[in-house]
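Peer 1: The structure that follows is given in the form of structure tokens.
The values are calculated or read from the model by the stated rules, or taken from the named source; none is laboratory data. Here the structure is a predicted model, which is why all the values come from computation and not from measurement. Please note: Cβ atoms are built from the backbone with ideal geometry, for glycine as well, and neighbour counts cover all protein chains shown.
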Ligand code: CAA
């Protein structure tokens, strides 16, 4: 790589509400220990009725645009599993909400939870071709499962935006990567469904197989030795999955995965995901932010990332932290986004879950519900209409 390329800035957004999983455990008639300890999840973000993947994506990316301006951003790559249109990219309303230049390439990427990592790699390719070019990569998702299903306890929502550039101030994307693709039916969402079809047990075993295969490809391509990494970020459908995945990685490298080692390698990466829940494409990068916001200085150390998207595609790759990166972190803002969520009961969650936008072409104006910088104002002629929330409050 002629010029170092990677993450110049990174920002988080999540939804307006949060539900403690004790509420769900009571409804499901299970011991809350199953969710708190067995899955490693304490709370889940519940988006307000006027929030969706576009408002969260714009809320995350607006922080980056406020710091760096829109200058030289010529591409927006928005990765999501929970798209709002079968045809039009959700990057387009984000471009409009952020007043980004019309001379912008705005595209949506899809491969379940893997889309965010693929967007990062593709962004790096664009920047390598033209180092003056900056790419806004956004991973934004709302994880939603059938009511009373096993997956319901793993729901969540978040967006992570990253500015990818040459000479990045946060982390350099290392060139080696290990890949794995296989056609499996562990989790998928046909166009007619708002929730996925899931074979939960199969999905866990396919994820573990994918970790092994992606790692072996990474090794074969001359990647780093395991001991060189200062941290390991995994896609976290629930935080215990990261523990299962890392135990597999250690085992295939001849190391016994004792609890102390697992906690040391993963503990910092699970703090945010444990209270946000699954955020599909964003989850891996929420884990990265959690690590960076809680770990000691990792300057000039490498961090491993394992992205897994059901169906399935996996990638093992690495970031090298740039000296001084800690000054660029938005730790207070990240914590505030999580802490200010309004805690709600199961009944309130259920009312929000049962609310649905019209599917018959009729129009609907939405009441104010959330408090983020952007909101879904309503639906008109089958189009979602967005606005900056402050504009309606003056
Ligand atoms: N105290 C402590 N632990 C308890 C407990 C208690 N009282 N009761 C149960 N547990 C433990 C169990 O022993 C189990 O732990 P282990 O896996 O370590 O054995 C854990 O809690 C979960 O219990 P179950 O397996 O019985 O739970 P379940 O049948 O409800 O299914 C699940 C769990 C399959 C993950 C389900 O939540 C699900 O389908 N989730 C959605 C799919 C998913 O997240 N898959 C992950 C891989 S796919 C992927 O990563 C892509 C993606 O984002 C979807």
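Peer 1: Here is a check on your reading of the model: is residue 280 touching a strand residue (DSSP E or B) at 6+ places or on another chain (Cβ under 8 Å), surrounded by 24 or more Cβ atoms within 10 Å (Cβ to Cβ) and modelled with pLDDT of 95 or more?
Peer 2: For residue 280, the condition - touching a strand residue (DSSP E or B) at 6+ places or on another chain (Cβ under 8 Å), surrounded by 24 or more Cβ atoms within 10 Å (Cβ to Cβ) and modelled with pLDDT of 95 or more - is met.
Peer 1: Please specify each residue of region 110-139 satisfying the condition of being in a strand (DSSP E or B), crowded, with 24+ Cβ neighbours inside 10 Å and within 16 Å of the ligand (Cβ to nearest atom).
Peer 2: Scanning region 110-139 gives 113, 139.
Peer 1: State whether one or more residues within region 163-181 are within 16 Å of the ligand (Cβ to nearest atom), surrounded by fewer than 23 Cβ atoms within 10 Å (Cβ to Cβ) and in contact (Cβ under 8 Å) with a residue 40 or more places away in the chain.
Peer 2: At the first step, the residues of region 163-181 found to be within 16 Å of the ligand (Cβ to nearest atom) are 180-181.
Those left that are additionally surrounded by fewer than 23 Cβ atoms within 10 Å (Cβ to Cβ): 180-181.
With the extra rule that they be in contact (Cβ under 8 Å) with a residue 40 or more places away in the chain, the set shrinks to 180-181.
So far as region 163-181 goes, yes, one or more of its residues are within 16 Å of the ligand (Cβ to nearest atom), surrounded by fewer than 23 Cβ atoms within 10 Å (Cβ to Cβ) and in contact (Cβ under 8 Å) with a residue 40 or more places away in the chain.
Peer 1: Please enumerate the residues belonging to region 33-71 that are surrounded by fewer than 18 Cβ atoms within 10 Å (Cβ to Cβ) and either within 21 Å of residue 146 (Cβ to Cβ) or away from the ligand (no atom under 15 Å from the Cβ) (or both).
Peer 2: Result: 34, 38, 66, 67, 68, 69, 70, 71.
Peer 1: Just one of 92, 142, 147 is within 27 Å of residue 352 (Cα to Cα), in contact (Cβ under 8 Å) with a residue 40 or more places away in the chain and either away from the ligand (no atom under 14 Å from the Cβ) or buried (at least 17 other Cβ atoms within 10 Å of the Cβ) (or both); which is it?
Peer 2: Going through 92, 142, 147 in turn, the sole match is 142.
Peer 1: Can you find a residue in region 95-102 that is in a strand (DSSP E or B) and either out of contact with any helix residue (DSSP H, G or I) (no Cβ under 9 Å at 6 or more places or on another chain) or more than 24 Å from residue 334 (Cβ to Cβ) (or both)?
Peer 2: no
Peer 1: Given the criterion more than 22 Å from the chain's Cα centre (by Cα), within 16 Å of the ligand (Cβ to nearest atom) and on the phi < 0 side of the Ramachandran plot, identify the matching residue among 213, 197, 221, 189.
Peer 2: Answer to the selection: 213.
Peer 1: Evaluate region 295-315: report whether one residue or more is out of contact with any helix residue (DSSP H, G or I) (no Cβ under 8 Å at 6 or more places or on another chain) and within 16 Å of the ligand (Cβ to nearest atom).
Peer 2: Yes, some residue in region 295-315 is out of contact with any helix residue (DSSP H, G or I) (no Cβ under 8 Å at 6 or more places or on another chain) and within 16 Å of the ligand (Cβ to nearest atom).
Peer 1: Return the residues of region 58-94 that are in a helix (DSSP H, G or I) and within 18 Å of residue 379 (Cβ to Cβ); say none if nothing qualifies.
Peer 2: Matches in region 58-94: 58, 92, 93, 94.
Peer 1: While we're here: Can we say residue 107 is part of a strand (DSSP E or B), in contact with a strand residue (DSSP E or B) (Cβ under 8 Å, 6 or more places away or on another chain) and farther than 23 Å from residue 192 by Cα?
Peer 2: No; evaluated as a whole, the condition is false for this residue.
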